[in-house]
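Written out below as structure tokens is the structure these notes cover.
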Amino acid sequence: MVMRNVLGIAMVIVSISAQAAPSTDEMWKIIQQQQAEIEALKAQINKTETKLQQTEIKVAATADAVEEGASMSSRLAAASWAEKTTLGGYGEHHFNHFRDSDDKIDAHRFVIFMGHQFTDSVSFFSELEVEHGFSGEDGPGEVELEQAYIKWDYNPNHSAVAGQFLVPVGILNETHEPNTFYGTERNVVEKNIVPSTWWETGIMLQGELAPGLMYNAALHSGLAADDGGAVRGGRQKSAKAIAEDLAYTARLKYTGIAGLELAATYQYQTEITQGAAVDNSSGSLWEAHAVFNRGPFAMRALYASWDIDGDGFSASGRDTQEGWYLEPSYKVTPQLGLFVRYSEFNNSAGDSRVDDSEIWDYGANYWLSERVVLKADYSNNKDIEGDDNDSFNLGVGWSF
């Protein structure tokens, strides 16, 4: 009995073993199936790695694009600022050989302009100047802010100016780059009577009333002249300027005929000493000029006169301060021009005992280019005391 059971169990084990052991063909099929699965897994892994690499490349490219975009944005902003900002300037050096005093060499002026266009209708302009080489406690020169203003074109033919600007008077006060006028030095009438260069701080309306007819109307800081003094000494240059009494300036200018400019300016200030005088000292300035150009020939003529009230000005003869000049010129060639100028002025014209200063200037300008000029002239100058102060002058000037 026991033997039969043992034999039965052995037969079952053999049967099971025979069923569990695959044949050689079955084993090969199993190996091929497993190999296919392994290859599929490898392909899937490679595909995943490829996608990861592509993703990394895209992420890097995106980062580069973002960085490049930021850089481009900065460059565009800088380019936009540069396109809307202008730089310029002018300067001049002089040599003066005086008959009765020491000769002088002077880095007379060095000026930088800067402007910016905020919008199509709002702009800024400024002018910074160094005079006579250097300034300081022992220096002969000055560092001056001549202009700094905002201009608003509120209408195609009209604009408003607010800030520090040149007073609209005379020929040279607004346009005084050395390549634009004859003579090494600026003419004595516009220097002593107008008095150029003259700037103030305030507001101004300007525009065109009709073709060729322009206007300026300004309310601004005024002069603070000494009681009985010359007007030139009253320029405050917007440097903590006393503003107890403002000034009013109006100008009409006509340029409707080719080659012709006609202009007249009137200014009024109710107290030209800013309260320093004991009595009221109101001041009025009248100025008129003409500029004519026809071919190689040109002519400039100007008259200016102050009428000032007050006992101090009457006592010094400076209740009337006036002057005029006439300047014909001729372009021998487009580069070489000759001129003669006769001037008279008197800052004490109210005193009949004081003679006018009479000045004859003769000379030539030679333009190396439109904006670079060499100058030579002789000035025969009889000052108000009657002494001669003749000089031979050389200059070089530029603007850009």
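Observations on the structure shown:
- Net +/- balance of residues flanking residue 318 in space, Cβ distance below 10 Å, scoring K and R +1, D and E -1: -4
- Distance from the Cα centroid of the stretch 199-272 to that of the stretch 112-188 is 14 Å (rounded to whole angstrom).
- Gained length - residue 342 relative to residue 355, 0.36 nm times residue gap less alpha-carbon distance: 3.1 nm
- Label zone of residue 87 (point 7 Å out along Cα→Cβ, amide N under 15 Å): in the stretch 99-118 this covers 111-116.
- Low-density loop cleavage sites - GluC sites (Glu not before Pro) in the stretch 339-400, where at most 16 other Cβ are within 10 Å (DSSP): 370, 385
- Among the GluC sites (Glu not before Pro) in the stretch 213-282, those located in a DSSP loop and surrounded by at most 16 other Cβ atoms within 10 Å of their own Cβ are 244.
- Dimensionless Rg over Rh [the stretch 218-324; C-alpha; Kirkwood]: 1.08
- The stretch 192-271: trypsin sites (Lys or Arg not before Pro) in DSSP coil with no more than 10 other Cβ atoms inside 10 Å: 240
- Summarising the label geometry, the points placed 7 Å from Cα in the beta-carbon direction at residue 292 and residue 246 lie 3.9 nm from one another.
- Local electrostatic count at residue 95 - Lys and Arg +1, Asp and Glu -1, tallied over other residues with Cβ under 9 Å: -1
- Other residues within the sphere of radius under 11 Å centred on the Cβ of residue 367, judged by their own Cβ, net out at +2 (K and R +1, D and E -1).
Bear in mind these aren't lab numbers, they're just calculated from the coordinates by the rules spelled out. Worth saying up front: this structure is predicted, and the values here are computed from it rather than measured. In this analysis, Cβ positions are derived from the backbone assuming ideal geometry, glycine residues included, and neighbour counts consider all displayed protein chains.
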